Amino acid sequence: MVIIALLITWLLVVSIQLIYILFVYSQTAFYRQPEQTGVDVPATSRITSESGISIVVCARNELDNLTELLPLLSAQNYPLFEVLVMDDRSTDGTSLFLENDIVHLPNVRFIRIDKEHEHVTPKKYALTIALKKAAYPIVLLTDADCRPASDNWLRGMVAPLVNDQKGISLGFSPYEHRPGFLNLLIRSETLFTAVHYFSLALAGRPYMGVGRNLAYRTSLFFANKGFYTHMNVTGGDDDLFINEVATKQNTAVCLDPDTFMWSKPKETWADWRQQKKRHLNVGKYYKPGNKFRLGLLTGSHVLTWMLALLVGLLVLVYELRQYSFTANEWLLLLIGTSLFLAREFAFWGIVGRISYRLAHTIHWALIPFMDLVLAVYYGLAGLKTLFTRRKKRLYWR
């Protein structure tokens, strides 16, 4: 009975994975991005503030990055926009740079923040002030350590909001390729996260966005009272806000390569672990429906591999000790193995196609290996989240 229960459980979790892969992940794999990614704007003589966009960059001690990024943002191909830099208590010369060295960038301005506030995390405070001071009704967010893929990044990202009157536009932010396993893990986890949030958004269940490449209307922000429900939660200025306000009707995705925003990856395990701690902390604040769907998805992913390894070990033990399976056990084992192989090939093909669409994030040949690696990672991260009491400490991001 124990063996039959084990095999039935394996069948169930693999079936859940197949359903997600074939009916949810495929939404991203085969999504047809509208051919017209440009923005229909009025003639120059009729441009009003309603057509304008505010690009918002919150930065703390990012002098080198801002020196590179601001000219790229200022040169975006769009008729009416501003770049608003929120300088949050920088001590590396950022303030002097913004005061003296951006005069040749007429559409760039900045606001200096001089102190922290106990009731809200610094990043959320900076963003709230930015949205209050934004000159235009649509904001496009990114970080100082990011670089746009093209000068049509702005135009493409806001097209669903300007042309189709959507409220939110979800973009992709791949990490730069570097040598080493850490970089491969970062890129793989970024790809899998994108597969999840793009696919669920296209399936009508949007639940998060990435603040490195995210656009929305300021009216949506203030109608939701901003970050009020989670203003003292570390992180979540992107995904928790989107989790609260995103709907099937008001959310669009951008998969055009011109709209990607490339990011610099963490280069040490310690920095990466700290980043992941912030991200894992916010998931518990998601809506119950989102937590259930993500829990089912992640849990079935972990159990698919864990039970596959357990079943493989069981078969090996039976073979070595010359035990025999019953007819029902053989049938379940055959069905489970067939479904597992079908799941692996479906995952390889569909996620491989998505990776190809999303800037070749990881090589297709590595996808089965990273599938297993991330199952282990998700399992360990889940255990740590369950059994570790978090210290109350605020980080800037």
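The values are calculated or read from the model by the stated rules, or taken from the named source; none is laboratory data. None of the values given here were measured: they were computed from a predicted structure. Heads up, the Cβs are rebuilt from the backbone with ideal geometry, glycines too, and the neighbour counts pull from every protein chain shown. Only protein heavy atoms, including side chains, enter the accessible area calculation; ligands, DNA and RNA are left aside. Shrake-Rupley method; radii C 1.70, N 1.55, O 1.52, S 1.80 Å.
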Residue-span extension gain [ALA223 to LEU386] - 0.36 nm each, minus C-alpha spacing: 55.3 nm
Folded to 0 to 90 degrees: helix 269-282 orientation relative to the chain principal axis, Cα: 90
Relative contact order of segment 13-166, pairs being alpha-carbon contacts under 8 Å that are 6 or more residues apart, as %: 34
Which of GLU189, GLU99 is most accessible, then next, and so on - probe 1.4 Å: GLU99, GLU189
Antiparallel DSSP beta bridges within the chain, percent to nearest 5: 30
Fully extended contour minus Cα-Cα distance, from GLN165 to LEU313, at 0.36 nm per residue: 47.8 nm
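Strictly greater than 17 Å: what percent of every Cα pair in segment 105-188 meets that?
Summing the P(r) of segment 105-188 above 17 Å gives 65 percent of all pairs.
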Accessible surface, 1.4 Å probe, highest first, among residues LEU280, LEU313, LEU214, LEU63: LEU313, LEU280, LEU63, LEU214
Ranked order, LEU374, LEU366, LEU12 - accessible area, probe 1.4 Å, largest first: LEU12, LEU366, LEU374
Positive dipole terminus of segment 232-294, leading residue within GLY235, TYR285, LEU255 (C-beta point charges): TYR285
Among TYR318, ILE21, CYS58 - extreme Cα towards positive end, dipole of the chain, charges at beta-carbon: TYR318
Extreme residue, positive dipole direction of segment 132-186, given options ALA134, GLY167, LEU182 (C-beta unit charges): ALA134
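In square nanometres, what is one fourth of the surface area of the convex hull spanned by the alpha carbons of segment 39-182?
Mean projected area of the Cα convex hull: 10.5 nm².
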Alpha-carbon centroid distance for the pair segment 213-249 / segment 304-319, whole angstrom: 44
Relative contact order %, segment 212-340, counting alpha carbon pairs below 8 Å whose residues are six or more apart: 26
Full-extension gain in nm, LEU320 to MET1, via 0.36 nm per residue minus C-alpha separation: 112.7 nm
Solvent-accessible area of TRP262 with every protein chain in place, 1.4 Å probe, in Å² to the nearest 10: 70
Alpha-carbon centroids, segment 353-387 and segment 146-212: separation in whole Å: 16
Amide H contacts under 5 Å for TRP262, placed H, 5+ residues apart: ARG147, ALA149
For segment 222-352, diffusion coefficient by Stokes-Einstein and Kirkwood Rh (Cα), 25 °C, 0.890 mPa s, µm²/s: 126
Long-range amide H partners of ASP92 with built H, under 5 Å: ASN61
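In the calculated pair distance distribution of the chain, what percentage of Cα-Cα distances lie above 29 Å?
Taking all Cα-Cα pairs of the chain, the fraction more than 29 Å apart is 47 percent.
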Residue-by-residue Karplus 3J(HN,Hα) for segment 122-130, coefficients 6.51, -1.76, 1.60, Hz, glycine and proline x: x, 5, 5, 5, 4, 5, 4, 4, 4
Distance between modelled label sites at HIS177 and THR67, nm, 7 Å Cα→Cβ extension: 2.8
In Å², nearest 10: area of LYS266 left accessible to a 1.4 Å probe: 70
Amide H partners (placed H, <5 Å) of LEU170, local residues excluded: ALA252, VAL253, CYS254
Heavy atoms of HIS177 accessible to a 1.4 Å probe, total area in Å² rounded to 10: 100
Theoretical ellipticity at 222 nm over the chain - DSSP helices of four or more residues, -39500 (n - 2.57) apiece, nearest 500: -16500 deg cm²/dmol
Size of charge dipole - the chain - debye, nearest 20, with Cβ of Lys, Arg +1 and Asp, Glu -1, no other charges: 1280
Partner aspartates and glutamates for LYS291 [C-alpha distance under 15 Å; skip if fewer than 8 residues away on the same chain]: ASP239, GLU244
Contact order normalised by residue count of the chain, Cα under 8 Å, 6+ apart, percent: 24
